[in-house]
1. What are the residues in region 440-473 that are on the phi < 0 side of the Ramachandran plot, in a loop (DSSP other than H, G, I, E, B) and not hydroxyl-bearing (Ser, Thr, Tyr), if any?
2. Looking at region 69-99, which of its residues are touching a Lys or Arg at 6+ places or on another chain (Cβ under 9 Å) and not in a strand (DSSP E or B)?
3. Note down all Cβ pairs under 6 Å where the first residue falls in region 199-219 and is in the same structural domain as Leu234 (by TED's automatic domain parsing), the second is part of a loop (DSSP other than H, G, I, E, B) and modelled with pLDDT of 85 or more, and they're at least six residues apart or on different chains.
4. Output the residues belonging to region 388-416 that are within 30 Å of Phe53 (Cβ to Cβ) and among the small types (Gly, Ala, Ser).
5. Report whether or not Phe46 is modelled with pLDDT of 85 or more, hydrophobic (A, V, I, L, M, F, W, C), in contact with a Leu (Cβ under 6 Å, 6 or more places away or on another chain) and surrounded by 13 or more Cβ atoms within 10 Å (Cβ to Cβ).
6. Hey, can you tell me all the residues within region 410-429 that are out of contact with any helix residue (DSSP H, G or I) (no Cβ under 8 Å at 6 or more places or on another chain) and either outside any loop (DSSP other than H, G, I, E, B) or under 19 Å from His221 (Cβ atoms) (or both)?
7. Looking only at region 310-341, filter to residues that are in a helix (DSSP H, G or I) and among the hydroxyl-bearing types (Ser, Thr, Tyr); which one of those is farthest from Trp286 (Cα to Cα)?
8. Taking region 20-43 as the search range and keeping residues that are touching a strand residue (DSSP E or B) at 6+ places or on another chain (Cβ under 8 Å) and closer than 26 Å to Arg106 by Cα, which one is surrounded by the fewest Cβ atoms within 10 Å (Cβ to Cβ)?
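The values are calculated or read from the model by the stated rules, or taken from the named source; none is laboratory data. This is a predicted model, so every value here is computed, not measured. Every residue, glycine among them, receives a Cβ derived from its backbone with ideal geometry; neighbour counts consider all protein chains shown.
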Amino acid sequence: MFNKVVHNADEAYALYNNYALRMGFSIRKGKPRYYNGTKNIKQREFLCSKEGFKLDEDFCKDKYSKRLETRTGCKAFVRFTVENGVWRVSAFNPEHNHELALQSERHLLRSGRRISKPKADVIDTMVNADCYNHVNVQKMTMISAGDAQSLLNHFKSKHAEDPMFFYTVQVDQENRMTNFFWRDGRSRVDYDCFGDVVVFDTTYCTNKYNLICAPFVGVNHHWQNVMFGCAFLLDETTDSFKWLFKSFLDSMGNRSPITIFTDQDQAMSNAIEEVFPNTHHRLCLWHISKNAPSRLGDLNSNSEFMYLFNKCQKYCDSELEFQQTWDQMTQKFDIENHHWLNMMYKIRHKWSTAFTKDFFTAEFKSSSRSESTNHVLNGIANKSISLTKFVIEYENVLAGMRFSELDEDFRCKQGAPQKAVKKSGILAHAAQVYTCKIFNLFENQFLNSLAMVWDQVDCQDKIGVFEVKEENSERVRIVRFDHLNSNISCSCKKFESLGILCCHALRVFSIKNLTRIPSQYILKRWTKEAKKGMMTYEQDNHSLSNDKEANIVWRNSMMRIANIVICKSQGEDSLKRICQKLLLELDEKIERELSRIKVGVDANVEENEVIQCDTTDEMPCLPNEVSVLNPPCVRSKGLRNNRLKGHFEKRKANTSKDASSSSE
């Protein structure tokens, strides 16, 4: 960089900015120095965008309160000295005091967010008619093979690009596609990181075959929706759900979620009990609340009854409190024999929050995560869309969701959130480890803790017992704190269900002068490094039924490692050469070892163990033949969907029927 020469300020900025983007940082302009008595620039510095610090008074201004703290006092810069119109680099510091952006993040750097002239030239040459022609050619290619076979060919193509891509298809006796499930390699990685809670919903159905769309949805470390996979089902029978859940479990290395949220469907519930026996099955409270009016009759207008009923749903802290509230409600209103309430009582562990305190639920109460995803999918689908077209549009939606995650990852790496209490050590630690969204949740708990009053009621064997409550509140929380290892527990059990310390525990930490969050209370799934070290999927070999499954898990793990290494190396030619050289050397070593132990390379390896094409008649899937026929266009059959529908849904359905009849 030293002694480089340019001829004006724009070229000087471009020179340093191009260097910055290659290295992974953003730049800004420093103040120029002028020749005495003139407006001619003598020197000009361009700085790393993280140079300096914000003024303290800026933190108090509303417009700055929600901005990230991006300044770190970085000293990297370049200085140009101008003589006779020639700009020459006279000083240069390449050292940074912060992490540089990865190759995949550099397009997000602020000083690099512009369309270059070569890209602009390409855009200018584009013509609408050519775009439409290209799209029509793709459509005709899909139609020529038949919709189902075209979809199968698309899946094969995706697997060629992504070795971790998984799909499985089921057909009937006439070779017509009935059910299918797919997910890509990134979804598997996301599930490894965030698959503790899954939301599954089948209320969405829009395609030319009237198949039921069933996405698997979770939440990532930015509190954003993340897709674990998607399926289309011909019907909502127990057998269809069992097939789907087994396929999903197989694609995820036989790792079940901790909790799964669904609507109230008996066929679905039967399948979950069989396929996910150790998973907590929760029902959507929104559906229950929406359908309750048609089941409760006049009770729905009784404010005291609704208060007790809502308390049973959401506000009981223990099973004992739930039972006491339920008994009070049923006895007071003489409804011990109410059919619907008795049915709901039998499955109370699936819908009352009193029964969710001891396991992780991310404090979800409904399947709205999946329903919001369905709303997005509704924007790309209609009654005439083909399956292949839907899957392609789904992939575009998925790409948008992943860009949002990448953008938020980059934002969290570039700065830390502003702290409501600037000098708080525990808030500073939280801002360092948590993503911005999760930090906001933690900060709310911290601020609430400031309003808590406490009393130490016991201290035995270095374990202190505290009563913590809000001022003027009768609800008391019991907090136990171990002085030796900083273990803490609270009767509200927020950490167990959400993975974030509650305000009651933070109040005790403040009393004990703890200024950092103990490591055992930092849940990795909520941190900035949620995906760090997740290249492999750990699977206990004892849980695998045979060597074939062990080989599948091993190949999936190794392909994930290789894929990450290759992606890291693709940005620079030198890294590509290193990667290629080491892979070739590794291949030679394995060949020599195989020769030594006299085992063939293909021993115990079966083709397409990960890529499944499950059919009822073991039908082979040939890439160039129409081996799968389109699904039948029929109404869903089998076990009735027993999700209870309220009068609002019934009235809407009747209105649609009346409108249809009148139009005829």
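1. Within region 440-473, Leu450, Ala451, Glu471 meet the criteria.
2. Thr70, Arg71, Thr72, Gly73, Cys74, Ala76, Glu95, His96, Asn97, His98, Glu99
3. Listed by first residue and then by second, the contacts come to Val219/Ala362.
4. Within region 388-416, Ser404, Gly415, Ala416 qualify.
5. no
6. Hits for region 410-429 are Gln414, Gly415, Gly425, Ala428, His429.
7. Across region 310-341, the extreme among qualifying residues is Thr330.
8. Ranking the qualifying residues of region 20-43, first place goes to Lys31.
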